[in-house]
Amino acid sequence: MIRFFSTCLLVATAAAAQPFSFKAMPNPSGVDPQVGGVDVRPDGKVAVAFHRGELMIFDPATETWSAFAEGLQEPLGLLAESTDSLLVMQRAELTRLRDRNRDGKAETYQTVFDGFGLTGNYHEFAFGPAKAPDGSLFIALNLASNGAGIRPEIRGEWSDIGQLDFRQMQHDGKWRDRSVKAGRMYSRVPYRGWILKLSPDGKQVEPWACGFRSPDGIGFDAEGRLLVDDNQGDWRGTSPLYVVEKGGFYGHPASLVWQDDWKGGDPMKMAVGRLDRLRTKETARFPQGDLANSPTQPVVIPESWGPYARQTLIGEMNQPRLVRFLADEVDGFTQGTLIPMFDGTPLGAGNHRLAFGPDGTLWVGKTHLSWAGAEGLFRIQPENLDQVLTVTSVKLEKSGSRQQFRITFSQPVAEPGTPKIHAFDYHYHVDYGSPKTREADLPVEKAQLDSRHHDLIIETKVQEGCVHRIDLPGIVSDNGTALDATTLYYQVTRLP
Amino acid sequence: MKLSATFLPLLALAATAEDLTPAQVFQMNCSACHAVDHMVVGPSLVEISGIYRGRPDDFVKWCLHPEQKRPGAIEMPSMAHLGEDTLRTLLPYILSEAEGKAEVKTGEGDPFAIPPAMVRRPQVQRIFLPDTSPAAIAVALPGTLSYAFDASECRLRYIWQGGFLDGYPYWKGNGSSLAQLGGPVLYREEAFPLKTASLGGQEASKFLGYEMGDDGLPTFHYRRGSHQFSETIHPLADGSGIERHFEIHPGIACTVEASDGVEVTSSSGSLRIDAAAASSFTLTFRWKK
């Protein structure tokens with residue numbers, strides 16, 4: 001009996017100190033609960049799009065589901081415009097679903113934008129829309145994969161650029177013998193591998209940036225920067241995060257053929273060095289296996305999340321965590337830090353779509369789509385964030401002939417601990433993925449706290465172009481709270 | 001390892017995958033897709049052991065440059081980031097995990113399958129279908145007929161009879177296979193059936209979407225040239241054909257040219273529809289006996 005009471009006491013004490021609570025929501029019955037899109041409507045109900053095309057509304061008060069729309073094709077993004085109107089990105093188009101008679105179900109499936117090509121290849125996914133501060137919409141289009149060829153009928157203009165012609169690109173019994181000549185991932189119809197900017201009504205389109213492979217994550221940060229992450233693979237040594245600007249080329253060459261007046265021939269035949277000079281470098285990188293293998297949607301953390309407010313939170317399919325991004329500006333370029341979040345919690349893997357409710361609840365939609373992952377809708381609620389000790393900023397600064405990382409904490413810390421810095425890079429090449437390269441433990445010349453004990457300054461000599469893994473053992477707040485995540489990954493694309 | 005000798009001393013200092021046990025490496029990189037005794041996303045360790053026992057070089061080669069062994073399956077991503085030395089340590093781990101275990105067969109069928117007789121009609125499903133563009137829309141009509149509408153060419157492509165669809169081949173492979181029709185095709189339409197003198201039927205078309213009626217049937221909206229079309233398809237009660245209700249704005253004179261295998265009549269009394277009648281008319285398509 002005494003043991004029973006003391007166990008209860010322990011559990012109660014531990015629960016009170018937990019910053020977040022976690023709960024898996026019930027799945028709708030008869031629905032394959034793989035989530036392609038999540039957004040919260042103004043009324044606080046959660047719109048969720050599923051793998052087989054159902055769009056359902058979840059009522060958090062009753063934990064029940066109701067059908068809003070169905071029959072959609074692989075919806076992979078959702079934006080709630082109002083209680084009665086939702087934008088959903090399907091394989092073939094961006095669609096506005098409207099419930100005009102307010103019976104809770106959409107009657108209108110209006111095509112907002114379908115001005116891009118489809119070959120019928122399974123990997124031609126479509127992601128978004130992300131809403132810009134000015135109301136315009138951004139969508140992201142996946143390349144095709146040479147895991148399969150194309151279908152006899154396609155939509156959109158055919159590009160003759162490539163080693164195989166239209167007939168040879170057809171998927172048949174001998175596809176495997178030819179597939180290597182297609183390129184690991186390919187772009188034979190318009191705007192595969194591109195980010196497109198659309199006017200709010202979808203009537204004007206502006207091809208915005210190219211060089212993407214499988215850009216499952218697209219969103220704006222609190223400063224209005226367009227963030228897009230991509231998946232490890234060919235030309236992606238590890239998964240990257242980019243700040244995307246108009247006209248940029250972001251590294252995967254296949255999509256270059258859809259640049260205006262492209263005269264560069266077959267991008268697969270271009271020298272790596274030339275592509276490397278053309279491309280915009282990474283804002284951050286997710287080390288494969290260590291941090292994230294398939295990063296997903298970036299969203300802005302709301303004010304109600306205290307020390308995390310206005311930071312960017314990013315989903316991850318493969319590993320049981322989310323990832324925070326802290327931006328830094330160096331020499332006019334945005335680069336920054338990725339930090340694991342929710343490690344060791346009940347969150348689990350498959351974290352595909354993220355949306356915050358008006359009350360600060362974070363809704364996580366999970367999927368696997370026959371890769372690694374999970375299923376269903378998951379809820380994370382902030383409970384007790386007052387005591388949280390977390391890194392709120394990482395800046396790379398010049399320090400004489402060397403550099404220093406200035407790491408700011410959410411509250412004063414007691415000791416500088418014993419920071420360690422390990423740098424590494426990845427190949428930029430056509431091969432799938434990359435081993436780590438240029439690996440080195442960097443000597444920490446100095447590690448000290450500022451006078452307010454809010455900033456830790458670590459002096460070292462960084463390696464340009466490398467990810468810098470910074471480990472922060474022994475950091476606790478003045479009142480004894482441990483740091484929420486002790487590993488940071490800072491991408492030094494530019495030197496101060 | 002494809003690393004130059006210069007970097008080897010540094011590598012030795014680094015905390016890499018090589019510091020982890022094979023079990024930890026497996027957990028972080030492989031376990032999401034590979035279970036001991038049954039297929040998940042990829043094959044079981046039992047199956048892998050059967051293929052690669054005594055063939056470590058082939059195992060490493062596969063991990064660096066994977067392909068597909070099963071048609072319709074997803075290709076494994078390369079594990080090159082682990083490096084050859086680490087990959088080599090994984091095979092003994094896999095063999096030991098699979099030791100003495102046998103493959104457990106998991107269900108092959110669609111866990112969400114609905115018996116054909118229970119399929120709700122009408123309903124609309126966008127999915128990859130045979131013999132149409134990738135922007136295809138399948139519609140189950142009340143009764144036994146279903147049709148494929150092509151949102152790229154903005155026209156009816158064909159009608160089939162029997163069950164609606166088996167979408168599982170598409171859904172389980174993310175579209176690497178087409179959905180299968182639930183019965184034989186009764187009618188194929190080779191071209192848009194309304195020909196106009198000014199446009200000749202080859203005019204640029206633009207899909208605008210669809211509206212679900214109270215009866216659960218979609219009305220498709222599309223533009224051809226400067227004319228906006230609405231089209232709603234109903235089944236005839238006896239299953240002998242379909243009715244297609246068209247509204248064209250602004251109205252334009254047109255001629256109906258159906259494909260082989262049907263007899264067509266028009267609510268306007270003639271297959272030459274004048275501009276006034278074109279604002280609202282119904283064509284009845286009956287399969288020829």
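Please tell me if A:ALA67 is away from every other protein chain (no Cβ under 11 Å), surrounded by fewer than 21 Cβ atoms within 10 Å (Cβ to Cβ) and within 26 Å of B:LEU129 (Cβ to Cβ). When the stated conditions are applied, A:ALA67 passes them. B:THR144 fulfils the conditions (1) closer than 27 Å to A:ASN121 by Cβ; (2) surrounded by fewer than 22 Cβ atoms within 10 Å (Cβ to Cβ) except for a single criterion, (1).
Looking at B:LEU208 and the list (1) assigned to a loop (DSSP other than H, G, I, E, B); (2) touching a residue at least 12 places away in the same chain (Cβ under 8 Å), which single condition is not satisfied? So the condition that B:LEU208 fails would be (1).
Among the residues of the range B:36-52, those identified as within 14 Å of chain A (Cβ to nearest Cβ) and either surrounded by 19 or more Cβ atoms within 10 Å (Cβ to Cβ) or touching a strand residue (DSSP E or B) at 6+ places or on another chain (Cβ under 6 Å) (or both) are B:MET39, B:GLY42, B:PRO43.
Residue-by-condition table, conditions (1) crowded, with 18+ Cβ neighbours inside 10 Å; (2) in contact with a helix residue (DSSP H, G or I) (Cβ under 9 Å, 6 or more places away or on another chain):
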| position | (1), (2) |
| --- | --- |
| B:ARG155 | yes, no |
| B:LEU181 | yes, no |
| B:ALA191 | no, no |
| B:ILE248 | yes, yes |
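Do you know which of the residues in the range B:29-46 that are farther than 18 Å from A:ALA292 by Cβ and part of a helix (DSSP H, G or I) is modelled with the highest pLDDT? Checking each candidate, the answer is B:LEU45.
Applying the criterion of being more than 19 Å from A:THR390 (Cα to Cα) and among the β-branched types (Val, Ile, Thr) to the residues of the range A:460-491, the residue that is farthest from the chain's Cα centre (by Cα) is A:THR460. Would you check which residues across the range B:174-186 are farther than 21 Å from A:GLU70 by Cβ and within 14 Å of chain A (Cβ to nearest Cβ) and list them? Scanning the range B:174-186 gives B:SER176, B:SER177. Total residues in the range B:206-256 satisfying the condition of being aliphatic (A, V, I, L, M), more than 26 Å from B:ARG120 (Cα to Cα) and in contact with an Asp or Glu (Cβ under 6 Å, 6 or more places away or on another chain): the figure is 1.
Note on the range A:63-87: residues that are closer than 14 Å to A:GLY37 by Cβ and either in contact (Cβ under 8 Å) with a residue 24 or more places away in the chain or not assigned by TED's automatic domain parsing to the domain that holds A:ILE218 (or both) amount to 11. Is it the case, given these coordinates, that B:ALA258 is outside any strand (DSSP E or B) and more than 31 Å from the chain's Cα centre (by Cα)? No.
Just one residue in the set A:SER401, A:SER434 is within 14 Å of another protein chain (Cβ to nearest Cβ) and among the polar types (S, T, N, Q); that residue is A:SER434.
For the range A:24-54, filtering for residues that are under 22 Å from the mean Cα position of the chain (by Cα) and either assigned to a strand (DSSP E or B) or among the acidic types (Asp, Glu) (or both) leaves 12. Summed over the range A:70-116, the residues that are at the interface with another protein chain (Cβ under 9 Å from one of its Cβ atoms) and either modelled with pLDDT under 95 or part of a strand (DSSP E or B) (or both) give a count of 7.
The requirement of being outside any loop (DSSP other than H, G, I, E, B) and away from every other protein chain (no Cβ under 14 Å) is fulfilled somewhere in the range A:409-419, by at least one residue.
Conditions (1) part of a loop (DSSP other than H, G, I, E, B); (2) under 26 Å from A:GLU81 (Cα atoms); (3) free of Cβ contacts under 8 Å to residues at least 40 places away in the same chain, marked per residue:
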| position | (1), (2), (3) |
| --- | --- |
| A:PHE127 | no, yes, no |
| A:ASP134 | yes, yes, yes |
| A:ALA140 | no, yes, no |
| A:GLY173 | yes, no, yes |
| A:PRO200 | yes, yes, no |
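Across the range A:202-227, the number of residues qualifying as within 23 Å of A:ARG274 (Cβ to Cβ), of a type in the set (A, V, I, L, M, F, W, C) and not in a loop (DSSP other than H, G, I, E, B) comes to 3.
For the range A:241-255, the count of residues that are in a helix (DSSP H, G or I), surrounded by fewer than 22 Cβ atoms within 10 Å (Cβ to Cβ) and on the phi < 0 side of the Ramachandran plot is zero. Looking at the range A:301-335 only, could you name the residues that are within 14 Å of chain B (Cβ to nearest Cβ) and within 18 Å of A:PHE22 (Cα to Cα)? A:GLU316, A:MET317, A:GLN319, A:PRO320, A:ARG321 - these are the residues of the range A:301-335 that are within 14 Å of chain B (Cβ to nearest Cβ) and within 18 Å of A:PHE22 (Cα to Cα).
One line per residue, one yes/no per condition, for (1) among the basic types (Lys, Arg); (2) more than 23 Å from the chain's Cα centre (by Cα); (3) within 14 Å of chain B (Cβ to nearest Cβ); (4) more than 23 Å from A:GLY217 (Cα to Cα):
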{"position": "A:TYR122", "(1), (2), (3), (4)": "no, no, yes, no"}
{"position": "A:PRO129", "(1), (2), (3), (4)": "no, no, no, no"}
{"position": "A:ILE150", "(1), (2), (3), (4)": "no, yes, yes, yes"}
{"position": "A:GLY156", "(1), (2), (3), (4)": "no, yes, yes, yes"}
{"position": "A:ARG167", "(1), (2), (3), (4)": "yes, yes, no, yes"}
{"position": "A:ASP172", "(1), (2), (3), (4)": "no, yes, yes, yes"}
{"position": "A:LYS181", "(1), (2), (3), (4)": "yes, yes, no, yes"}
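Scoring A:ALA148 on the criteria (1) surrounded by 21 or more Cβ atoms within 10 Å (Cβ to Cβ); (2) within 30 Å of A:GLU245 (Cα to Cα) leaves a single failure, condition (2).
The values are calculated or read from the model by the stated rules, or taken from the named source; none is laboratory data. Quick caveat: nothing in here was measured; it's all calculated off a predicted structure. Quick reminder, even Gly has a Cβ in these numbers, built from the backbone with ideal geometry, and neighbours come from all protein chains shown.
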